[in-house]
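The values are calculated or read from the model by the stated rules, or taken from the named source; none is laboratory data. These figures come from a predicted structure and were not determined experimentally. Cβ sites come from the backbone with ideal geometry, for glycine too, and all protein chains shown count toward neighbours. These accessible areas exclude ligands, DNA and RNA; they are computed on the full protein's heavy atoms, side chains included. Shrake-Rupley method; radii C 1.70, N 1.55, O 1.52, S 1.80 Å.
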Amino acid sequence: MADPSSYRPKPGQIPDSPGVYKFRDEHRRVIYVGKAKSLRQRLASYFQDLSGLHPRTRTMVTTAASVEWTVVSTEVEALQLEYSWIKEFDPRFNVKYRDDKSYPYLAVTMNEEFPRVQVMRGQKKKGVRYFGPYGHAWAIRDTVDLLLRVFPVRTCSAGVFKNAARTGRPCLLGYIGKCSAPCVERVSPEEHRELAEEFCDFMAGRTGTYIRRLEARMTEAAEEMEYERAARLRDDIEALKKAMEKSAVVLADATDADLIALAEDELEAAVQIFHVRGGRVRGQRGWVTDKVEAVTTGDLVEHALQQLYGEETGDSVPKEVLVPALPELVEPVQEWLAERRGSNVSLRIPQRGDKKALMETVQRNALQALGLHKTKRASDLTTRSRALEEIAEALDLDSAPLRIECYDISHLQGDDVVASMVVFEDGLARKSEYRRFQIKGFEGQDDVRSMHEVITRRFRRYLAEKEKTGEWADGETGLTEEDGRPKRFAYPPQLVVVDGGQPQVAAAKRALDELGIDDIAVCGLAKRLEEVWVPGEDDPVVLPRTSEGLYLLQRVRDEAHRFAITYQRAKRARRFRASPLDDVPGLGETRKQALIKHFGSVKKLRSATIDQICEVPGIGRKTAEAITVALAQAAPAAPAVNTATGEIMEDEEYATDATDATDAESETTAGSAGEPVSAGSSDERRGQER
């Protein structure tokens, strides 16, 4: 625990101007980002008597080891820079809203030649029109099913579309009139795009004009005694009205607005947002956050606005945003929102009428969301705390291991030997800090030697980062890290867990001893009896089967095994898909793909002359000669066989797959850990595939 006076800036050193400041811990990790109208006044408030600070603020300033700031010209710039840094550094003491679920959107891919209507989740893509978010995917599909009768826009995937175009036969929706079948040229690209634009206009709330137009066409058809067309138009109108009934009118003046409501207690806050477009509720979403800093309701609203509109532009930011409380500095926030939208945005508290009544509904939703979240999380928080305490007690640690790193070795009968490192902080996986290794020190199968190599490499990097940042210098920091992002191996754990028994634990401990590291605990979890092994002990530590500590260690070990075996399988698959072109010096993926596209397959490329190869853009004569030599030396591979059908796969298909393979780095970051492997499947393969 640091004394804030040890890093307090000198009097007069802090400028009296707008800016953004960062607190860093002893490892140079950014732990808090804030902005201020006056940096001098705001930072001075952190260095008063600790007894006068809010408990959360007190924890932050005693965890920090330094503070720095950046001066900006306006408060709007401060708001933008604060949002960027919070997103980049993910500080532990800042309010960060967590979506309570992944919300589905109705998306229209206007960036394609034939726009497609589909359900999308996750990051928004450029050139795609989004509507929502919706509470459930089935709500989107019900609406789309009704609208396709009137707007028969394509909904099929790229594969289905290409297959229909190749065969000249549309899919079922094309036959029943719910797709205009652009795949078989029933409509031109321009006509299909016009349908997609009308679909978007209807979803955006411009419904009345279109229905009146259909009613006029229906009346005209009836007067001309074209009763079948009139009946069709009548059914279209009913379908549109039924789709509109799914979102009732809540604001009579066709308002475009977002309503944000909060429910909070001393520890947590829940946010609910209703998206109203054309007077109708078009989407709803909710967030939950821990109040890790001392914040007011206005501060929470400001953070919610940053989270909600930080990546949005244009019409995604509505003309009106209704909130339960205004931020401390309203004008900069309004100006920032106006910049995102491109026109004025009204940020205010509803006082009366329909908008106030709707805000009360949103508030009730926020209260229910907070209650549900606390119900689900109460046991989770208690369980994780108890698990960490049980581990500390069983291993005789000075404190609970808030950061745990686990290592596992994976291979297939000694081939493609790799290792994984997974990180758990406060009992939860931190996937952004996962790492993976290729074993480079020797060939063959030796789990103990592999574990020694991996631990040595990981903590040698840690020591190198410490030396580079000057943490060993007497009385000086000498820190060179400027961007605040933690180095890949700069943050040490309190506990290292290895997947294995006494030999693996001894290897890990020996690696740490050789590096002179004596403040990190080591243990191993053996699979057979779930025994916990510690260095230098002949007998394992046996935790009760019902122990939360044992359950957490199992989760950490299983995650390390899953991550290692996923990497090992990917590495093996790339080796199986290797192409003779991989051996050509200086031939990258782009030129490989150009060669395959030009000739159609490796087989045809092998029979081509040097002059013919030189015709490919980017391929010179020297490279063409190297390609010819490499293909001549490589024996043609046996044809691949589809084991399900017995079909022999064509060389063209195999060659195309081969050029898609890319080499992995020896040590790489994994922000996403892939699909889990079930316990049963991993147990069945464990003898063959480690």
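At a 1.4 Å probe radius, carbon and sulfur cover how many percent of the accessible area of the stretch 274-318?
Carbon plus sulfur share of accessible area: 40 percent.
Once R0 is set to 35 Å, what does the formula 1/(1 + (r/R0)^6) return for the Cβ-Cβ distance between Met110 and Ala594, expressed as a FRET efficiency to the nearest 0.05?
0.70
Tell me which of Leu402, Leu358, Gln334 sits at the most positive position along the dipole axis of the stretch 310-417, charges placed on C-beta atoms (Lys, Arg +1; Asp, Glu -1).
Leu358
What Kirkwood hydrodynamic radius do you get for the stretch 1-124 when you take the inverse of the mean 1/r over all pairs of distinct Cα atoms, in Å?
Hydrodynamic radius (Kirkwood, Cα only) of the stretch 1-124 equals 16.9 Å.
Between Asp519 and Lys374, 0.36 nm times their residue separation minus their Cα-Cα distance comes to what?
The Asp519-Lys374 span can extend by a further 48.6 nm.
Residues with beta-carbon under 12 Å from that of Glu302, excluding Glu302: net charge, scoring Lys, Arg +1 and Asp, Glu -1?
It works out to a net charge of -3.
Sequence gap at least 6, Cα distance under 8 Å: using those rules, report the relative contact order of the stretch 284-442 to the nearest whole percent.
After rounding, I find 13 percent.
Based on the Kirkwood radius over alpha-carbon pairs, what value in µm²/s does the Stokes-Einstein equation return for the translational diffusion coefficient of the stretch 176-235 at 10 °C and 1.306 mPa s?
Diffusion coefficient, whole number: 121 µm²/s.
Per 0.36 nm of contour for each residue apart, how much would the distance between Ser84 and Thr167 grow if the chain were fully extended, relative to their Cα-Cα spacing?
Length difference between fully extended and current span is 24.9 nm.
About the Cα centre of the stretch 160-222, what is the dipole size in debye to 20, counting +1 per Lys and Arg Cβ and -1 per Asp and Glu Cβ, all else neutral?
With only Lys, Arg, Asp and Glu charged at Cβ, the dipole is about 300 debye.
Sticking to Cα atoms, compute the Rg of the stretch 298-363 to one decimal and its Dmax as the biggest Cα-Cα distance, whole number, in Å.
For the stretch 298-363, the Cα radius of gyration and maximum Cα-Cα distance read 11.7, 32 Å.
Return the subset of Lys87/Lys178; Lys87/Lys126; Lys125/Lys622; Lys125/Lys592 for which the Cα-Cα distance in this structure is over 31 Å, preserving the input order.
Beyond 31 Å between Cα atoms: Lys87/Lys178; Lys125/Lys622.
Along Cα→Cβ, 7 Å out, is where each label goes; now give me the distance between the ones at Ala239 and Lys604 in nm to one decimal.
With each label placed 7 Å out from Cα toward Cβ, I get 4.3 nm.
Rounded, prolate or oblate: which fits the stretch 136-178, taking a ≥ b ≥ c as square roots of the Cα gyration tensor eigenvalues, rounded meaning a/c under 1.5, else prolate when a/b beats b/c?
Since a/c reaches 1.5 but b/c is at least a/b, the shape of the stretch 136-178 is classed as oblate.
Between Thr313 and Ala204, what is the spin-label point distance in nm, taking each point 7 Å from the Cα along the Cα→C-beta axis?
Taking the two extended label points, one gets 1.7 nm.
To the nearest 20 debye, what is the magnitude of the charge dipole of the stretch 592-635 about its Cα centre, counting +1 on the Cβ of each Lys and Arg and -1 on the Cβ of each Asp and Glu?
Dipole of the stretch 592-635, to the nearest 20 debye: 160 debye.
Measuring from centroid to centroid over Cα atoms, what is the spacing of the stretch 38-80 and the stretch 499-541 in Å?
42 Å
To the nearest 20 debye, what is the magnitude of the charge dipole of the stretch 1-134 about its Cα centre, counting +1 on the Cβ of each Lys and Arg and -1 on the Cβ of each Asp and Glu?
That gives a dipole near 260 debye.
Near the amide H of Ile31, under 5 Å away, which other amide H atoms are found, from residues 5 or more places off or on another chain, if H is placed in the peptide plane?
Result for Ile31 returns Phe23, Arg24, Asp25.
What figure, in Å² to the nearest 10, do you get for the accessible area of Trp69 with a 1.4 Å probe and non-protein molecules left out?
So the heavy atoms of Trp69 present about 70 Å² to solvent.
Per 10 Å bin, what percent of the C-alpha pairs of the stretch 325-438 does each bin hold, from zero upward?
In whole percents, the pair-distance histogram is 11, 18, 20, 20, 18, 11, 3, 0.
Could you sort Ser6, Ser66, Ser385, Ser410 by their accessible area in this structure, using a 1.4 Å probe and putting the largest first?
The ordering from most to least exposed comes out as Ser6, Ser385, Ser66, Ser410.
Can you give me the solvent accessible area of His598 with a 1.4 Å probe, rounded to the nearest 10 Å²?
Accessible area, nearest 10 Å²: 90 Å².
Past the 25 Å Cα-Cα mark, which pairs from Lys431/Lys527; Lys571/Lys604; Lys319/Lys374; Lys124/Lys597?
Over 25 Å apart, Cα to Cα: Lys571/Lys604; Lys319/Lys374; Lys124/Lys597.
If Arg166, Arg28 are ordered by their accessible area, calculated over protein heavy atoms with a 1.4 Å probe, which sequence runs from highest to lowest?
Result, largest first: Arg166, Arg28.
Give me the 1.4 Å probe accessible area per residue for the stretch 506-574, excluding ligands and nucleic acids, in Å².
46 Å²
How far apart, in nm, are the 7 Å Cα→Cβ label points at Glu185 and Arg141?
Distance between the two pseudo-spin positions: 3.4 nm.
Using each residue's phi in the stretch 224-229, evaluate 6.51 cos²θ - 1.76 cosθ + 1.60 at θ = phi - 60° and report the 3J(HN,Hα) Karplus result to the nearest Hz, with x for Gly and Pro.
Rounded to whole hertz, the list is 8, 6, 9, 5, 5, 5.
Please compute the per residue accessible area over the stretch 399-438 with all protein chains in place, 1.4 Å probe, rounded to a whole number of Å².
Result: 28 Å² per residue.
Could you state the principal axis extents of the C-alpha atoms in the stretch 582-623, from the largest down, to the nearest angstrom?
Per principal axis, max minus min of the Cα coordinates gives 21, 18, 18 Å.
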